[in-house]
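Working notes for the structure below.
Throughout, read-outs are computed from the coordinates displayed, never taken from laboratory work. Because the structure is a prediction, the values reported are computed rather than measured. When we count neighbours, we look across all protein chains shown, and the Cβ atoms used for this are built from the backbone with ideal geometry, even at glycine.
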There are 4 protein chains.
Amino acid sequence: MEGPVFIENISDSFSVSSGITQVYHTRKSKFQTIHVVETIPWGKCLILDGHLQSSERDEFVYHENLVHPVLLSHPNPKTVFIGGGGEGSTLREILRHKTVEKVVMVDIDAECVDVSKKFLVHHHAGAYEDPRVHVIIDDAKAWLENNDEKFDIIVQDLCDPVDDTPSQLLYTQKYYETCKSRLNPGGSLVTQGGPAGVTSHSMVFTAIHCTLASVFPRVQSWKTAIPSYVDEWGWSIASTNADFDVANMSAAQIDKLIEERIKNGAEALKWYDGEIHSGMYKLPKNIRKTLEAEKRVITEDNLLFIP
Amino acid sequence: MEGPVFIENISDSFSVSSGITQVYHTRKSKFQTIHVVETIPWGKCLILDGHLQSSERDEFVYHENLVHPVLLSHPNPKTVFIGGGGEGSTLREILRHKTVEKVVMVDIDAECVDVSKKFLVHHHAGAYEDPRVHVIIDDAKAWLENNDEKFDIIVQDLCDPVDDTPSQLLYTQKYYETCKSRLNPGGSLVTQGGPAGVTSHSMVFTAIHCTLASVFPRVQSWKTAIPSYVDEWGWSIASTNADFDVANMSAAQIDKLIEERIKNGAEALKWYDGEIHSGMYKLPKNIRKTLEAEKRVITEDNLLFIP
Amino acid sequence: MEGPVFIENISDSFSVSSGITQVYHTRKSKFQTIHVVETIPWGKCLILDGHLQSSERDEFVYHENLVHPVLLSHPNPKTVFIGGGGEGSTLREILRHKTVEKVVMVDIDAECVDVSKKFLVHHHAGAYEDPRVHVIIDDAKAWLENNDEKFDIIVQDLCDPVDDTPSQLLYTQKYYETCKSRLNPGGSLVTQGGPAGVTSHSMVFTAIHCTLASVFPRVQSWKTAIPSYVDEWGWSIASTNADFDVANMSAAQIDKLIEERIKNGAEALKWYDGEIHSGMYKLPKNIRKTLEAEKRVITEDNLLFIP
Amino acid sequence: MEGPVFIENISDSFSVSSGITQVYHTRKSKFQTIHVVETIPWGKCLILDGHLQSSERDEFVYHENLVHPVLLSHPNPKTVFIGGGGEGSTLREILRHKTVEKVVMVDIDAECVDVSKKFLVHHHAGAYEDPRVHVIIDDAKAWLENNDEKFDIIVQDLCDPVDDTPSQLLYTQKYYETCKSRLNPGGSLVTQGGPAGVTSHSMVFTAIHCTLASVFPRVQSWKTAIPSYVDEWGWSIASTNADFDVANMSAAQIDKLIEERIKNGAEALKWYDGEIHSGMYKLPKNIRKTLEAEKRVITEDNLLFIP
């Protein structure tokens, strides 16, 4: 390669380089370094502290996974809390749900929200203008602790747990207990779970699952490849309902709910539908083994990070 | 990153760099540049013409996908032909099947086979010593055209179709017709199908499926993420049997066959089993749409390449 | 390194990467790919066909070497022709000379001139506004062949000779003959001579010297390190005067001429003065040996390129 | 670029990558990470803590600069102390001097010396076998403090001053005072002085000069481009003799001394001779200005590092 590129260090010994044509924004905010760049392979990208968060070309995979299974598996989700989510794509997907009446999004970094509003129009698609949306600039943990408002759904749309970053305390047992106390009966929490590939799932994905399982009666996890993340990514849904079973909802059920609850029905979604839903909770043998053997519970005294 | 690394250009505008600690082999053979390097993230790797073919750390995912579904979905596979396969891992997996009596492997590059025997002991695990194995150094296409031996299974374990490489003619309609004529009744062909991620599947994966479908009565395709390939990878099984249906074999059926037919049963496999089998043929909506709309049939006059 | 960088491939097996914060311009003109980027180590840079031409931080070294020795060693330079020079820094340095009455600059790429005027204000420093300057968009070779105007000084401010680029014919014996015929009596030509370090001088530097010596009675060459070029760079002055001897002008002579002829005198220059002049024509032994043994004359039938 | 490369981070925002074909050695010794690699552009290289120290292709430039001016400007150098020098090339050049009767080399890292003996045969060229050579594994500073042996010449062949490395205390006023006390009357010390290019000379080069000048009556400095260092490099000779003047020795004097004192005379040297000597002490204006204005004296309480 030659010319302008963006280098992301995935680990100490693995990096990826994408050709770029523009640097829209490059600045250290109060909390993180924010880059918005136009890449050749992935289109416009938001990059926080050097790690690609969202690419124009494949962010739909991440956001459809994060939002639709948790909302469609709830009987009637009216109120949603988003921890993080500054770029606005999570908002965009949530607002497709006709049942949703109110979304409270708490992101710590005003500059990240502003930069996203300005440059990531493809990503938020105007979601910030929707009257159901309430954006609060605060630490999600502090806000939940200081407010007793309850929600049907909590969506954790965060950076990965990395040492000395604001998100590190948002993957702990204590935080999940706070979340549980802020869910209405039958409510669910979904979190992104970090790298979940055959060689990366034991870094944090299985420990996040295990930590959720120490707080909630029911946790189900899955993974999906995100090309611009150069790995598979994990998600976990934790429910307050012990009989909750998103993984065994049938393709027909999901497709019916998409038509009923999502504005413009199946037309609105690019990646997710009943067919893929019916296969995506099946994990390969080696990941199932790690998940079954996992004992790590992440606590504030015993944090866990991506190395 | 700093120090010694291996850079792979995935495309003109996307590359990956892996830290290395050894260069075991670096030479241009008659057909391709062959590197064997010790990488930090992926262990020992075989790299042909700059593209990582097989990493010690995750090759099991590729080879279990390539070999076990096609063999277990055949009623009694005794004879197997491998096109390519020089590194020996495909041999290793095939030889686990107790039904298999003879494997003919035809690889064009003697140097690649020799280098693999010498350095990739983890990969072939001694498979070359098995008396069932017959290694022939030749072009797979030429050999099949010049020999009328028939097989129960044909395994296409090739480099991706890239312009001016020996494998470019091994993804064509004409080649698949030759293969079909060398299969015993009820026989199947499996091929690796190149990148099959949400943003890469239309390069060659869906066209390979479509080309197979122009020759065989039944084709079924799936994909799996391979971390060291930094993408999901595709496979297609083409059967001479119109009622063939690997995709709908149940988890229980697969697990029973693994116990019956594979030496040491489930113990022998790391990634594949009935559970993952029962989900892996479900493709996301956007890939299914491309596959359904695909009309490209690859012919010798109209070759298709990874750009 | 991580984040946005600019990668320049110096050769097939050597590249340099500079952190960047902005991409001001990135476009393929009719003749070349033009990048203007803000780099962290070198400030704002003009990059043509992937090769850094001029960096804000050290372009003064290149341009003071290119312009002042040739002008100060001429008794009274009034008219100057520039072949190439689009970025405007060569103009800037020439215009410091009070004797100069007219500068004709012929650059082939209007887009490069426009981009430079717009983004490289530091470089041209308003030189394009000077009434002595005449900018012509044309091939320097064609223009000189089609016009019989004569000059005191010809300055070759070109990209390196690279295959299939417009500058490849501007380093040939025939072109130098044309130049010689367009010089007034006693006139000199100066050209940049490409990489001239201890390991790179035999690529083109010594051959350019030898080619000039096949046309002009007197040629003197020197080299200077340019940090952003990651090598030493060469220059050659060819004079129509057999007694010409820039290399043996004394420090005192040079300093006196700087005060007399250059606007603001020594104040105006950052790198060049009598002291450095008095050492810079001394070449190390191995380069002198190559220069003495050099027999290559570059002709249109026998072009020479940087590999 | 693609395939195996070695990446050197020159600074936080500038790196260079060289194609490699072999990794001969890669290990963290007690003091530093040691790599010996075969590079395509520079041949076999020794790399310490990620920084190229010596390349087969151009190490002669560094070592001829380090050794010959200081030895030829001494009336009769019989005894030499080397601080550092593990790779053996400095030994090789010193041993060419017929006057030299004893060389004491003190390098802190036995592993580095052993690796050099084993892999860098081109570099040391058998110097370690010469009976005049005494190799001691110790910290040069500690050894000089604990021994009162005196020398005619001290050669500082060290890694650059970088924080938390063993060489950081070998560029201080205190260390130079120790060195001065271990020089015979009329003796000189030479040190490599780090990057000395037009944009890099103020990092440490001018401060090292200034520190030496706070201890010795006479200091003279120069610079030379080293291609594999991607910059010009500095050297300083500090003499106990106030009338010392290496910079003004004539070309003829140098050439005569080379014939008299160096085994095989001018034949033995590739880069250095009277001609280049007579120009190399002339510095460009901007570096002279920095040098004249420099006030920084490096002390143990006020260390100075390359950032």
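Which stretch or stretches of region A:134-175 have amide N atoms under 16 Å from the point lying 7 Å from residue A:303's Cα along the Cα→Cβ direction? In region A:134-175, the label zone of residue A:303 (backbone N under 16 Å from the point 7 Å along Cα→Cβ) covers A:139-142, A:158-175.
Among the DSSP beta bridges whose two residues both lie in chain D, what percent are antiparallel, rounded to the nearest 5? Antiparallel: roughly 65 percent of the beta bridges in chain D. Placing pseudo-labels 7 Å out from each Cα toward the beta carbon at residue B:118 and residue C:242 gives an inter-label distance of 6.3 nm.
The H on the amide N of residue A:193, modeled in the peptide plane, is under 5 Å from the matching H of A:234, A:235, A:236, each at least 5 residues off or on a different chain. Could you work out the local net charge near residue C:223, counting Lys and Arg as +1, Asp and Glu as -1, over the other residues with Cβ closer than 13 Å to its Cβ? Within the 13 Å Cβ shell, the charges total -1. Only one residue of C:194, C:179, C:91 has its Cα farthest out toward the positive end of the dipole of chain C, where Lys and Arg carry +1 and Asp and Glu -1 on Cβ, and that residue is C:179. Remark: mean inter-chain Cβ contacts per residue of B:5-12 equal 6, using a 10 Å Cβ-Cβ cutoff to other protein chain atoms.
With helices defined as uninterrupted DSSP H runs, which ones in chain D have an alpha carbon span along their own long axis of at least 18 Å and mean Kyte-Doolittle hydropathy of at least -1.0?
Details: long enough: D:59-72 (19 Å, 0.50).
Membrane-span-like by this criterion, though nothing is claimed about a membrane: D:59-72.
Give the shape of region C:5-54 as rounded, prolate or oblate, defined through the alpha-carbon gyration tensor: a ≥ b ≥ c are the square roots of its eigenvalues, a/c under 1.5 means rounded, and otherwise the shape is prolate if a/b is larger than b/c and oblate if not. Intermediate results must be reported in sequence, preceding the final value.
Working: a/c = 2.10, a/b = 1.05, b/c = 1.99.
In terms of gyration-tensor shape, oblate.
Between C:213, C:242, C:225, the GNM of chain C built on Cα springs shorter than 10 angstrom shows C:242 fluctuating the most.
Going 7 Å from the Cα of residue A:288 toward and past its Cβ, which residues in region B:267-299 have a backbone nitrogen under 13 Å from where you end up? Inside the label zone: B:267, B:269-280.
Anything over 20 Å Cα to Cα? Flag those among D:28/D:102; A:285/B:256; A:78/A:270, in the order listed. Listed pairs above 20 Å: D:28/D:102; A:78/A:270. Evaluated with a Cβ-only charge set (Lys, Arg +1; Asp, Glu -1), chain B carries a dipole of roughly 540 debye about its Cα centre, given to the nearest 20. Projecting the Cα atoms of D:13, D:302, D:119 onto the dipole axis of chain D, where Lys and Arg carry +1 and Asp and Glu carry -1 at the beta carbon, places D:302 farthest toward the positive end. Quick one: go through region C:100-142 and flag any residue whose amide nitrogen is under 19 Å from the point 7 Å out along the Cα-to-Cβ line of residue C:27. In region C:100-142, the label zone of residue C:27 (backbone N under 19 Å from the point 7 Å along Cα→Cβ) covers C:107-121, C:137-138. Counted by Cβ distance under 12 Å from residue B:143, the other residues give a net charge of -4, where Lys and Arg count +1 and Asp and Glu count -1.
How would C:258, A:94 line up from fewest to most surrounding beta-carbon atoms within 10 angstrom? Mind dumping the intermediate values first?
On the way: C:258 22, A:94 28.
Listing C:258, A:94 from fewest to most nearby Cβ atoms yields C:258, A:94.
Using Cβ contacts closer than 10 Å as the measure, can you line up B:272, C:128 from fewest to most?
Numbers: B:272 28, C:128 15.
Listed from fewest to most nearby Cβ atoms, that is C:128, B:272.
Taking a ≥ b ≥ c as the square roots of the eigenvalues of the Cα gyration tensor of region C:59-293, is the shape rounded (a/c under 1.5), prolate (a/b larger than b/c) or oblate?
Numbers: a/c = 1.27, a/b = 1.10, b/c = 1.16.
Here region C:59-293 falls in the rounded category.
Region D:79-126 and region C:213-275 have Cα centres lying 40 Å from one another.
Using a cut-off of 12 Å between beta-carbons, work out the net charge of the residues near residue A:281 (Lys and Arg +1, Asp and Glu -1, residue A:281 not included). Provide the component values of the computation, followed by the final result.
On the way: positive: A:223, A:282, A:288, B:282; negative: A:245, B:275.
That sum, taken over residues with Cβ under 12 Å, equals +2.
Loop-resident GluC sites (Glu not before Pro) (DSSP state other than H, G, I, E or B) in region D:1-104 with no more than 14 further Cβ atoms inside 10 Å of their Cβ: D:101.
Roughly how many debye, to the nearest 20, is the charge dipole of the protein assembly as shown about its Cα centre, given +1 on each Lys and Arg Cβ, -1 on each Asp and Glu Cβ, and no other charges?
Details: 120 positive and 172 negative charges, 0 e Å.
Roughly 0 debye, rounded to the nearest 20.
Apply the a/c threshold of 1.5 to the C-alpha gyration tensor of region D:72-136 and tell me whether it is rounded, prolate or oblate. Prolate, because a/c is 1.5 or more and a/b exceeds b/c. Taking A:168, A:192, A:156 as the candidate residues, the one with maximal mean-square fluctuation in a Gaussian network model of chain A, Cα springs under 10 Å, is A:168.
Fewest to most neighbouring Cβ within 10 Å: what's the order for B:158, B:269?
B:269, B:158
Charged side chains reduced to their Cβ positions (Lys and Arg at +1, Asp and Glu at -1) give region D:1-80 a dipole of some 400 debye around its Cα centre.
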